[in-house]
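Have a look at the structure below, then the notes.
The values are calculated or read from the model by the stated rules, or taken from the named source; none is laboratory data. These numbers come from a predicted model, not from an experiment. Cβ atoms come from the backbone with ideal geometry, glycine included; neighbour counts cover every protein chain shown.
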Amino acid sequence: MTSQATGAPVGDRALWDRAAEGDQAAFTELFERYAEAVWNHAYRLTGSWVGAEDLTSTTFLTAWRRRADVTLVRDSALPWLYTVAGNAARDEYRSARRRLRLLRKVPDPPVVSDHADAVAERLDGERRLREVVEAVRTLPKAQREVVELCLLAEVSAADAAALLAVAEVTVRAHLSRARARLRTLLEEK
């Protein structure tokens with residue numbers, strides 16, 4: 001969407017304000033502008049194409065529902081969308097863990113060989129990504145949030161600091177500690 005007066009692209013804040021007033025076209029423009037970036041972030045968080053699609057849908061559904069009470073960081077919707085995706089991924093992870101605990105109480109069904117299992121075993125890249133995602137989940141909350149924003153979502157340290165309401169030096173310190181911890185965890189595998 002471009003400004004009729006200048007022909008320049010309309011900024012996120014203007015689009016978000018219009019969407020908050022119910023302008024579906026403005027929200028559609030935000031979706032088209034950021035859906036791919038949010039999907040890529042969701043994929044890095046989940047290590048799964050299907051999971052990334054579900055997480056992207058959840059993120060934009062949440063954005064639509066909360067559009068009237070969102071504060072944008074530096075007039076960009078992307079950091080907020082990344083945060084929503086991260087929160088939704090953590091919620092889904094906790095739900096999955098609860099389901100797994102319940103499933104462990106049920107006897108295992110007989111194992112049947114499946115072609116999909118053979119294909120999945122060949123996708124080593126996805127396996128490694130899942131290992132990284134699991135390692136990130138073991139980090140303390142402050143370090144995990146910084147890693148999700150700065151390393152996985154490629155948000156700048158300054159923007160992450162603004163989004164998390166901490167000093168930029170704090171973000172950099174958490175990032176340094178998290179990298180060292182992740183290096184140790186991933187070398188053990």
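General remarks:
- Scope segment 38-54; condition surrounded by fewer than 19 Cβ atoms within 10 Å (Cβ to Cβ) and without any contact (Cβ under 8 Å) to a residue 60 or more places away in the chain; matching residues: Trp39, Asn40, Trp49, Val50, Gly51, Glu53, Asp54
- Checking His174 against (1) in contact with a Leu (Cβ under 8 Å, 6 or more places away or on another chain); (2) buried (at least 20 other Cβ atoms within 10 Å of the Cβ); (3) farther than 17 Å from Asn87 by Cα, the condition it does not meet: (1)
- Residue within segment 146-154 that is modelled with pLDDT of 85 or more and more than 18 Å from His41 (Cβ to Cβ) present: no
- Residues in segment 55-76 that are free of Cβ contacts under 8 Å to residues at least 12 places away in the same chain and assigned to a helix (DSSP H, G or I): Ser57, Leu61, Arg65, Asp69.
- Among residues of segment 129-151 being closer than 13 Å to His174 by Cα and among the acidic types (Asp, Glu), the one that is surrounded by the most Cβ atoms within 10 Å (Cβ to Cβ) is Glu148.
- Residues in segment 15-54 that are in a loop (DSSP other than H, G, I, E, B) and more than 15 Å from the chain's Cα centre (by Cα): Glu21, Gly22, Asp23.
- Top-ranked residue in segment 100-142 [being outside any loop (DSSP other than H, G, I, E, B), within 30 Å of Val166 (Cβ to Cβ) and not β-branched (Val, Ile, Thr); ranked as modelled with the lowest pLDDT]: Leu129
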